[in-house]
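Below is one structure, written out as structure tokens; comments come after it.
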Amino acid sequence: MKRVAVYTSFTFSYLAKARVLAETLKRHHPDWDFHALMTDKTPDEVDFDVEHEPFDYVLWSKDINIENFDEWISTHNIIEACTAVKGPALQYLCEQDYDVVMYLDPDVAVFDSLSPLLDYLDESDILLTPHQLTPEDKNDRTAIWDNELCSLTHGVYNLGFVAVNAKGEGYRFAKWWGDRLYQYCREDIPNGMFTDQRWCDLVPAFFDNVKVLRDPGYNVASWNISQRTITIEKDGDILVNGFPLRFFHFTKLGPVGRKMTERYAGGNTEVFELWRWYRERIEANKVNNLPDRYWAYGVI
């Protein structure tokens, strides 16, 4: 049996979301190790005890061999920091005797088994999911602008998910990505950088054994919901274009996410049911006494 590590990167402001991710993942994969990668320090007002969290382990970013951590993090905003640490953490976990290491964003929820990913990794070393799998209608200029042109700006692949074999090309990718994110994880679109994502446009050119997942059940989100129809069967199974919904990426919880969902889900009411469920789970997992706009390394 393969040893699998799954990790997510966040600060205390996203702790409720990370809890939902961990709960939903462990429901399907209790034998996979879940690592909470935290680029933060515990506020005095918050009672944070790993023993009472749904995580198997907590990794503090300052402890994963990032060179000159204090000086380095002072040059990043919160978004840059939480994405920059993903690369070094991937390399770190690949070195911890795992067979497979997988990253999922904290605003993801898992709805079905992710075991097929391990089957893909029998033949490939790196798995990526594109933002879109299907072209928008040529006459829908709004969708082309929101989705296809947005991918050209922010990156073809959504790095809310990546999975690798811990050896071979997977490890070589992890080290390269870690090196680039250490130096160049910036929100600087005019210079070709959008934190961690634009770098991975180069992955199919730089590395062998890369698989682009074309199953619509993975990484469903506002940027592709115009081309993916959600149905809920009588037995409770959730399908996307007839395929099992593996995980949904609930990006931009709030007015922005609601606007994009309303624009592209249309009459697909099942999408709104998923969002309603997610908001309820976030509320149930909210962090008590968290100071407003808290981040130990700067100001949100």
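Numerical summary
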{"quantity": "Helix-derived mean residue ellipticity, 222 nm - over the chain, DSSP H n ≥ 4, -39500 (n - 2.57), to 500", "calculated": "-9500 deg cm²/dmol"}
{"quantity": "Cα centroid of region 87-163 to Cα centroid of region 198-256, whole Å", "calculated": "8"}
{"quantity": "Loop GluC sites (Glu not before Pro), region 20-110 (other Cβ atoms within 10 Å of the site Cβ: 12 or fewer; DSSP)", "calculated": "E45, E67"}
{"quantity": "Whole-number percent relative contact order across region 4-215, with pairs defined as alpha carbons under 8 Å at least 6 apart", "calculated": "24"}
{"quantity": "Backbone N under 18 Å from the E123 label point (7 Å along Cα→Cβ), restricted to region 130-163", "calculated": "130, 163"}
{"quantity": "In order through region 232-249: 3J(HN,Hα) via Karplus (6.51 cos²θ - 1.76 cosθ + 1.60), integer Hz, x for Gly, Pro", "calculated": "10, 7, 4, 7, x, 4, 10, 10, 10, 6, x, 9, x, 6, 8, 8, 10, 9"}
{"quantity": "Label point 7 Å beyond Cα of N77 along Cβ direction - residues of region 177-199 with amide nitrogen under 12 Å", "calculated": "186-189, 195"}
{"quantity": "Residues whose placed amide H lies under 5 Å from that of T229, excluding near-sequence neighbours", "calculated": "N241"}
{"quantity": "For region 99-255, alpha-carbon Rg and Dmax in angstrom", "calculated": "16.0, 50"}
{"quantity": "Around F111: net Lys/Arg minus Asp/Glu count, Cβ-Cβ under 11 Å", "calculated": "0"}
{"quantity": "Volume in Å³ per residue [convex hull over Cα atoms, computed for the chain]", "calculated": "140"}
{"quantity": "Relative contact order [Cα under 8 Å, 6+ residues apart], region 94-229, whole percent", "calculated": "34"}
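Values in this text are rule-based calculations from the coordinates and carry no lab data. Computed from a predicted model, the values in this text were never measured in an experiment. Glycine gets a Cβ as well: all are built from the backbone with ideal geometry, and neighbour counts include every protein chain shown.
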